[in-house]
1. What is the number of the single condition among (1) more than 20 Å from the chain's Cα centre (by Cα); (2) assigned to a helix (DSSP H, G or I); (3) more than 14 Å from chain B (Cβ to nearest Cβ) that residue A:303 does not meet?
2. Among the residues of the stretch A:261-268, are any free of Cβ contacts under 8 Å to residues at least 24 places away in the same chain, under 21 Å from residue A:167 (Cα atoms) and in a loop (DSSP other than H, G, I, E, B)?
3. Among the numbered criteria (1) more than 14 Å from every other protein chain (Cβ to nearest Cβ); (2) part of a loop (DSSP other than H, G, I, E, B); (3) within 22 Å of the chain's Cα centre (by Cα), which one does residue B:186 miss?
4. Just give me the residues in the stretch B:153-173 being free of Cβ contacts under 8 Å to residues at least 24 places away in the same chain and under 30 Å from residue A:289 (Cβ atoms), in sequence order.
5. Please tell me if residue A:66 is farther than 24 Å from residue A:328 by Cβ and either touching a strand residue (DSSP E or B) at 6+ places or on another chain (Cβ under 8 Å) or in contact (Cβ under 8 Å) with a residue 12 or more places away in the chain (or both).
6. Specify the residue that is farthest from residue A:68 (Cα to Cα); the eligible residues are those in the stretch B:146-157 that are crowded, with 23+ Cβ neighbours inside 10 Å and more than 8 Å from chain A (Cβ to nearest Cβ).
7. For residue B:286, state whether it is within 25 Å of residue A:341 (Cα to Cα) and in contact with a strand residue (DSSP E or B) (Cβ under 9 Å, 6 or more places away or on another chain).
């Protein structure tokens, strides 16, 4: 390098240092604004206690904003969250453009898969970074993956693999599979079938539970249910466990204690694979659960955790890169230095080929955590967490 | 009303007379002094699940007594005068004080909610406690058993390390991923150093030249210059056959001469032995499962580690860097402190 160039480089570096010092000394904190984009339609469930709260997901994001701000105090960074609710007919693409026009660049999205893709694709110039905290569809990480879309929600295949590993470890290898009649139920059924094959379980029979309509709340429904369900599960070949795929909340919660043969239930009811549960208390999780309960007077759900994780990832990106720039943040989050602590006993990292967060999956019976997958003995050459879900060599994702 | 008859930090509830079973204890003590080796120290191991303290004779390496304490005992230390064991019982929101002679709980300290780790100043009169639940460090006057104040830190403070001159307290916050440097006189934060994910423990070298901070989820140890507040070196660990996720740095002990550091690697079931000067890993010692914390015997011959999942304590011969013994203790052993007695 010539002495002239060297001197100009030094000048540049000095200028940079002064600029940084000036920025650090300035009393105005760097503001990092995040939008939480979600649909307004609430989900109805069979069990009254599982009906999502109006702030399901959003509350987790709010808690993470508080956590980020506690850290941000020391780094002169201030985080804020704006709740953007889309009404029934509202267009996710238009909403995204409106956000972009207002200068928002970080979006937590809790949208159905099609809406999510519309939102991500509306950002044609790739100036925004989206975090999917709701949709578990594998296709969003496979053929429909996007380079501006990070996923903290696990996939159906990750959930199904987590359950399958445990059932196989337990030597409950013969499954009676019952799948609902809606599209999402069928996708979950596909994921469970794939997991059974992958980990050596056998589906001895498969049944479809048709949704014939009707209300989830009735005054004396229980009388009929306890007569219908035994008959529905009567005459099955010998099996160890009934695995139900019912994301539509039509029948699975009716199965436990009502099968013809006395068998445990797993999948959409009974033993349920999930990214989080209000009963999870290991690896320091009690602190998070306590903080959440104190602030929102309810237990923390999987959606809350997925949103907390996304906002914490933004917090980590901002504190390590000292920037709110989505590009710098994405580079950091997909790089070797990113590791998130999220109360699951090990570091969470991103799969750089499809931007899916690697994470252990909890198996909950609704009151307690029964186990955490990956199970011991399921090995992998890169990360045991990659034994859950579609792995790099099988992936159809080409990020662009 | 408090009695003021004791010369120590804690007034005794009743005076001590060596009568009845204590005569027998005394006899055993005399026997140990005559018949045993010089290294008859006592280790106190907190068992997180059993709600007990295992009292271990470091001469015979056996459990000689089990003390029942409050719920979820973790952080444990001896008072500077060696007369009491302090143990943080997180789920009871207090630090219990145990008389080492009677093995009875004689006091509860106002530690703030959910205490986990704490440290004392060199006089033993002031205690600094990490309160994970409300992002504070609580400062307690041990003698008067009153809180003196608190310092707001990052999310989920845990590790607490005091500089040898007592002027700087390092608190680590697990979710903020920071080591906070607190001036103990003004009780203000003077610097924050970002470290890897979930920092859990801070340990100064005896000469004050370095503070080591372990990151559990990051799986590293940051060596920080406590004057410049700069990272001098980041120690990483690479164990053949183990995935990165299984290597989780937790407890740290450094020999008084500063030449060798020991780092517990949690579910990697190993203690890393580190050259104190070059910060290179020299060796990995296989111990029990999910190793948490450790303590030297006062003669520095042995290092005892608590192994959470296998319910035991491993004994390391410090000179030969070999694991020589395993001692079964209570369920989920977590912290350890060793006294001269």
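1. Residue A:303 satisfies every listed condition except (1).
2. Yes, that holds for at least one residue.
3. The number of the failed condition is (3).
4. Passing the criteria: only B:155.
5. Spelling it out, it is not the case that residue A:66 is farther than 24 Å from residue A:328 by Cβ and either touching a strand residue (DSSP E or B) at 6+ places or on another chain (Cβ under 8 Å) or in contact (Cβ under 8 Å) with a residue 12 or more places away in the chain (or both).
6. B:157
7. no
Each row is one residue, and each column tells you yes or no for (1) over 22 Å from the mean Cα position of the chain (by Cα); (2) assigned by TED's automatic domain parsing to the domain that holds residue B:115; (3) closer than 20 Å to residue B:157 by Cα; (4) part of a loop (DSSP other than H, G, I, E, B).
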{"residue": "B:209", "(1), (2), (3), (4)": "no, no, no, yes"}
{"residue": "B:212", "(1), (2), (3), (4)": "no, no, yes, no"}
{"residue": "B:224", "(1), (2), (3), (4)": "no, no, yes, no"}
{"residue": "B:234", "(1), (2), (3), (4)": "yes, no, no, no"}
{"residue": "B:241", "(1), (2), (3), (4)": "yes, no, no, yes"}
{"residue": "B:248", "(1), (2), (3), (4)": "no, no, yes, yes"}
{"residue": "B:262", "(1), (2), (3), (4)": "no, no, no, no"}
{"residue": "B:268", "(1), (2), (3), (4)": "no, no, no, yes"}
{"residue": "B:274", "(1), (2), (3), (4)": "no, no, no, no"}
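The values are calculated or read from the model by the stated rules, or taken from the named source; none is laboratory data. Being a predicted model, the structure only gives us computed values, none of them experimental. For neighbour counting, all protein chains shown are included, and Cβ atoms are generated from backbone atoms with ideal geometry for every residue, glycine included.
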